[in-house]
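S.K.: Encoded as structure tokens, here's the structure I'll be asking about.
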Amino acid sequence: MIGTGVFTSLGFQLVDIQSVSMILLLWVVGGITALCGALTYAELGAQLPRSGGEYNFLGRLYHPSLGFVSGWISITVGFAAPIALAAMTFAAYLGSVFEELHQATVAVLLIISLGLVHCYSRAVSGRTQFVFTVLKVFLILVFSVAALMMSDHQMSMPTLPVTRDLESLGSGAFAVALIYVSYAYTGWNVATYLIDEIEAPERQLPFILMIGTGLVMGSYLLLNFVFLAVAPMEAMVGKVEVGVIAARFAFGDFGGELMGLMLSLLLISTVSAMLIAGPRVLEVIGQDFSMLKLLAKTNPSGLPYVAIAIVVLLSVGLVLTSSFESVLVFSGFVLSLNTFFSVAGVFVLRARGWLNGEAYQAWGYPFTPLIFLGLTLWTLVYILMQRPEEAIAGLVVIGTGFAFYFLSRDKSS
């Protein structure tokens, strides 16, 4: 989860929101939304245990066509876009230290290298992810403590909301900024893509989702507070590499470059995680649709090498053809729509009488799913109003998925 969003989105949020308290409130609201979604997904995963995430939930709760479209989103946008964005951010941070590097080339090489690692063996894949995740958490703590201790910058704005700030709480600017935050929390649901590889998922999955989301929320609040505490807002407005900017103000040019190098390493874990989870969704789709059975092919280690290769190629294509912000808003819209209908599925599950009393049930039901649905719908509506090009592009992807479903179904029959 911790990756592209938290190290890039602050600069875009500051374009319209010049308030420390409201920026921090954005991350609290986004965290509560993600936590409510995680609580609901934990029930869906425990009640309908199978890998595939939204593909599994939507296909079984609504109609196979919705499941297929969700899988289509995963194939075309859901994982390729986050991988591309994380790789682009990695290259931007590394490029801020080594200016002679060609950033697109660096991003492409990172994606291909990790794709090869995850095609090699399950043990190597798992160890790689574990090492970079531990490194990520350690570096975040070191950066935060050191920056706060060494910076002499004085934050000029209050950290608690004042009346003037609260007036913007329901504004379009706040709603659109929330899509960047929601994107940063993307990944709270990834464990549901690998349910078949989790021991006793009906017991383990709720803890994985809830503990992971809670820890990330705390990390995000800490990082954004540090960024705002050590660097002036005007230096970060509209910038991608906010971590490097904050580090330079806290530690000077050399220290900033060193921290920029360290922060770039954090993003390797994000690319790696998505290259583990994404191909598993494609693999399940290949198992269910004969026209796409190539996606289900595995190597002797049981790894879906064809699906991994496709995700790698799509991610590389996005790196080479798209701008950072347009990919972020476009993918954020599509992914939010996908999770919206999945969370709503918990009401369908219970209405159909499919509830297994022995498996986990969402804490706080029906309020937790309703909070997630309300906040997500509010964000989606404002994106349609204020960023129609990205929203329409997302709807086109979804419409294409429906068309491909009926075509593949006819071929399969």
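S.K.: Relative contact order for the chain: what is it in percent, counting Cα pairs under 8 Å that are at least 6 residues apart?
M.R.: 35 percent
S.K.: How much length, in nm to one decimal, is gained on full extension between GLN18 and SER323, taken as 0.36 nm per residue of separation minus their Cα-Cα distance?
M.R.: Taking GLN18 through SER323 to full extension adds about 107.4 nm, to one decimal.
S.K.: With charges only on Cβ, +1 for K and R and -1 for D and E, what is the dipole size of the stretch 4-404 about its Cα centre, in debye, rounded to 20?
M.R.: Its charge dipole is roughly 860 debye.
S.K.: Something else now. Can you show me the helix-derived [θ] at 222 nm for the chain, built from DSSP H runs with n ≥ 4 at -39,500 (n - 2.57) apiece and divided by the number of residues, rounded to the nearest 500.
M.R.: It comes out at -25500 deg cm²/dmol, rounded to the nearest 500.
S.K.: Something else now. Compute the separation of the alpha-carbon centres of the stretch 346-413 and the stretch 1-57 and state it in Å as a whole number.
M.R.: When both Cα centres are located, 15 Å separates them.
S.K.: Hey, which aspartates and glutamates would be in cross-link range of LYS297, C-alpha to C-alpha under 15 Å, not counting anything within fewer than 8 residues on its own chain?
M.R.: Here the aspartates and glutamates satisfying the reach criterion relative to LYS297 are GLU283, ASP288.
S.K.: Could you tell me which residue out of CYS119, VAL28, LEU295 lies farthest along the dipole of the chain toward its positive end? Charges go on the beta carbon: Lys and Arg +1, Asp and Glu -1, centred on the Cα centre.
M.R.: Projecting each Cα onto the dipole axis, the largest value belongs to LEU295.
S.K.: So, in nm, how far is label LEU370 from label LEU148 when the simple model puts each one 7 Å beyond its Cα toward the Cβ?
M.R.: Between LEU370 and LEU148, the label points sit 3.7 nm apart.
S.K.: Can you tell me which of 290-296, 59-65 comes out highest on packing, and rank the rest after it, using the mean Cβ neighbours within 10 Å?
M.R.: So the peptides 290-296, 59-65, ranked by packing, come out 59-65, 290-296.
S.K.: How do 257-269, 301-313, 71-83, 350-362 rank on mean C-beta neighbours within 10 Å, highest first?
M.R.: Averaged packing, sorted descending, gives the order 71-83, 257-269, 301-313, 350-362.
S.K.: Could you work out how far apart the two model spin labels at LEU135 and LEU221 are, taking each label as a point 7 Å from the Cα in the direction of the beta carbon, and quote it in nm?
M.R.: Once both label points are built, they end up 2.9 nm from each other.
S.K.: What spacing in nm lies between the two simple spin-label points modelled at LEU407 and GLN386, each 7 Å away from Cα in the Cβ direction?
M.R.: Simple spin-label model gives 3.6 nm for this pair.
S.K.: To test your reading of the geometry: what angle, between 0 and 90 degrees and rounded to tens, separates the Cα axis of helix 172-184 from the longest principal axis of the chain?
M.R.: Approximately 70 degrees, to the nearest 10.
S.K.: Here's a follow-up. Quote the Stokes-Einstein diffusion coefficient, in whole µm² s⁻¹, for the stretch 267-320, based on the Kirkwood radius over alpha carbon pairs, a temperature of 20 °C and a viscosity of 1.002 mPa s.
M.R.: Calculated translational D: 187 µm²/s.
Where a number appears in this text, it was derived from the coordinates with a stated rule and is not lab data. Everything numeric here is computed off the predicted structure, so don't read it as measured data. As a convention, Cβ positions derive from the backbone with ideal geometry for all residues, glycine included, and neighbour counts pool all protein chains shown.
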